[in-house]
Amino acid sequence: MLPLKGVRVVAVEQYGAGPFGTLYLANLGAEIIKVEDVSQGGDVGRTVGPYFVKGEEEEENKDNTSLFFQGFNHNKKSLSLNLKTEEGQQILQKLIATADGVSCNLRGDVPEKLGITYKALRKINPRIVCAHLTAYGRSGSRATWPGYDYPMQAEAGYFKLTGEPDSPPTRCGLSLVDLSTGVAMALALVSGILSAQEMGRGRDIDVSLFDNALYNLCYVAMWQLNAGHNQQRPPRSAHFSLTPCQLYTTKDDWIYLMCNKEKFWVELCNAVGHSGLCQDPRFVDFKARLKHRDSLTTELDKIFSKKTTTEWLKILTGRVPAAPIYDVEQALNNPFVAETGRIRSMTSDAGNEIKILAPSIHCGDETVEFRRAPHLGEDNESILQELGYSAEEIGKFAKQRII
């Protein structure tokens with residue numbers, strides 16, 4: 001049995017960060033009921049292109065063919081609901097009475113307006129845990145501000161830590177703030193539910209894109225706060241202090257080495273046939289190598305330029321942390337990815353295969369059954385019937401655009 005089987009989460013979510021967090025929960029067995037605003041056409045992620053399910057490109061108007069949306073929302077259910085109506089609120093409250101948690105990634109001032117805070121819901125379900133993923137928090141001067149990943153990277157210092165020293169400020173290639181904040185929200189929600197099971201009462205629990213972006217600075221922030229060191233970008237994607245740990249040129253491409261322990265430096269020198277480098281006073285330890293990093297780069301470029309990346313990897317694999325430099329296609333076609341089934345698949349409405357990445361958390365032999373992302377309101381009838389609504393009432397809700 002997957003660890004979260006039997007846990008029900010009502011997810012008032014859209015786009016990336018929130019859906020990524022609840023995707024983790026869904027793949028661990030939780031039932032995720034995605035509540036989408038029917039008056040707005042549901043999650044805005046449903047319309048994100050330019051790529052759609054293969055073989056169904058001509059049906060781009062279908063609300064679940066976006067590959068972006070499928071990536072974030074498979075293994076979930078959809079309830080379309082207008083929470084700005086009295087009836088919509090009544091339906092939501094009935095649903096939350098059956099749930100363990102609520103997750104949302106709305107602007108900071110919206111959860112209170114929509115009645116999805118612990119204060120608003122505790123009379124209905126005293127054990128409910130409300131996890132809020134916002135841009136800047138639900139209080140303070142920026143509570144009403146919208147916010148997204150890239151501006152967070154810019155303000156939290158990422159742009160000045162990424163890329164070459166003489167290049168323009170550069171963002172990370174992925175939406176790391178969105179993705180990591182989603183995971184933080186998932187952890188927060190599960191932690192809150194665990195506490196509620198012990199204590200018998202729930203709570204509000206908060207995480208924001210800005211706070212998480214700042215928290216990710218970790219040891220770099222410690223250096224600045226306590227030693228006054230304002231870290232800048234080193235060349236060749238190097239580690240800020242450990243050396244050698246950066247890109248080096250080979251005969252045909254690049255290779256990345258990470259000798260983050262002294263034993264790997266010794267092993268590297270022996271593996272490449274230059275054991276004497278270990279005794280060179282300039283390179284004898286981390287401190288010396290950092291001071292003479294440019295000289296070490298020159299020496300190692302000379303050595304690695306004599307063989308191809310593939311040849312060097314055969315020599316270094318399993319001895320020294322080393323990696324080739326792949327683009328996305330190469331990364332996904334890596335034989336190691338296929339070796340243990342890291343790419344899975346599910347089936348679209350038309351029977352076409354949709355390839356997806358396997359979850360990064362493994363639970364032994366237990367694995368979730370992958371289901372394509374839902375249509376907007378696909379589970380309205382089954383969820384509302386479970387809550388006690390009749391077919392006549394459900395039909396009335398649909399006509400009134402409440403669902």
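Tabulated data
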read-out: Neighbour cut-off at most 15 other Cβ (10 Å), DSSP loop, trypsin sites (Lys or Arg not before Pro), the range 354-395; value: Arg371
read-out: Exposed GluC sites (Glu not before Pro) absent - longest run of the chain, DSSP non-H/G/I/E/B, at most 15 other C-beta within 10 Å; value: 61-368
read-out: Cleavage-rule hits (chymotrypsin sites (Phe, Trp or Tyr not before Pro)) in the range 190-283: DSSP loop, at most 16 neighbouring Cβ within 10 angstrom; value: Phe240
read-out: For the range 211-287, Kirkwood radius (reciprocal of mean inverse C-alpha pair distance, Å); value: 14.5 Å
read-out: Between helix 17-27 and the chain: long-axis angle, C-alpha atoms, 0 to 90°, nearest 10; value: 80 degrees
read-out: For the range 147-253, alpha-carbon Rg and Dmax in angstrom; value: 18.1, 64
read-out: Filter on Lys314/Lys355; Lys84/Lys123; Lys123/Lys355 - keep pairs with C-alpha separation over 32 Å; value: Lys123/Lys355
read-out: Estimated D of the range 243-313 in µm² per second, where Rh is the Kirkwood radius over Cα pairs and Stokes-Einstein applies at 10 °C, 1.306 mPa s; value: 132 µm²/s
read-out: Calculated FRET value between Glu112 and Ser191, using beta carbons and R₀ = 25 Å, to 0.05; value: 0.65
read-out: Evaluated over the range 71-163, the Cα radius of gyration and Dmax, each in Å; value: 16.3, 52
read-out: Two-decimal Rg/Rh across the range 292-360, once Rg and the Kirkwood Rh are taken from alpha-carbon atoms; value: 1.20
read-out: Equivalent-ellipsoid semi-axes of the range 40-115, from the Cα gyration tensor, Å, largest first; value: 29, 13, 12
read-out: Where a label projected 7 Å from the Cα of Ala271 along Cα→Cβ would reach, residues of the range 215-249 with amide N under 15 Å; value: 244-249
read-out: Kirkwood-based shape ratio for the chain, expressed as Rg/Rh from alpha carbons; value: 1.05
read-out: Helix 176-199 vs. the chain, principal-axis angle (Cα, 0 to 90°, nearest 10); value: 60 degrees
read-out: Mean Cα-pair separation over length for the range 150-292, i.e. relative contact order, pairs under 8 Å, 6 or more apart, %; value: 17 percent
read-out: Charged-residue dipole, Cβ positions (Lys, Arg, Asp, Glu), the range 233-351 about Cα centre, Debye nearest 20; value: 440 debye
read-out: Counted charge near Ile403, where neighbours are those whose Cβ lies closer than 12 Å (Asp, Glu -1; Lys, Arg +1); value: -4
read-out: Size of the range 1-140 as Cα extents on the principal axes (Å, biggest first); value: 49, 37, 31
read-out: Farthest positive-ward along the chain dipole, Cα basis, beta-carbon charges - from Gln231, Ala11, Ser175; value: Gln231
read-out: Amide H within-cut-off set for Glu36, under 5 Å, with H built and near neighbours excluded; value: Leu79, Ser80, Leu81
read-out: Percent RCO, i.e. relative contact order, over the chain, from Cα pairs under 8 Å lying at least 6 residues apart; value: 19 percent
read-out: The chain, dipole about Cα centre (Lys/Arg Cβ +1, Asp/Glu Cβ -1), debye to the nearest 20; value: 1240 debye
read-out: Probe 1.4 Å - accessible area at Thr347, Å² to nearest ten; value: 80 Å²
read-out: Unit charges on C-beta of K, R, D, E only; dipole of the range 101-192, Debye; value: 680 debye
read-out: Tilt relative to the chain, helix 86-96 - C-alpha long axis, 0 to 90 degrees, to 10; value: 60 degrees
read-out: Given Lys77/Lys113; Lys160/Lys251; Lys94/Lys119; Lys34/Lys62, the pairs whose alpha carbons are separated by over 22 Å; value: Lys77/Lys113; Lys160/Lys251
read-out: Leu179 versus Ile325: modelled label distance in nm, points set 7 Å from Cα along the beta carbon direction; value: 2.0 nm
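The values are calculated or read from the model by the stated rules, or taken from the named source; none is laboratory data. These numbers come from a predicted model, not from an experiment. Positions of Cβ are generated from backbone atoms using ideal geometry, with glycine treated the same way; all protein chains shown enter the neighbour counts. When the accessible area is computed, the model is the full protein with side chains, heavy atoms only, and any ligands, DNA or RNA have been set aside. Shrake-Rupley method; radii C 1.70, N 1.55, O 1.52, S 1.80 Å.
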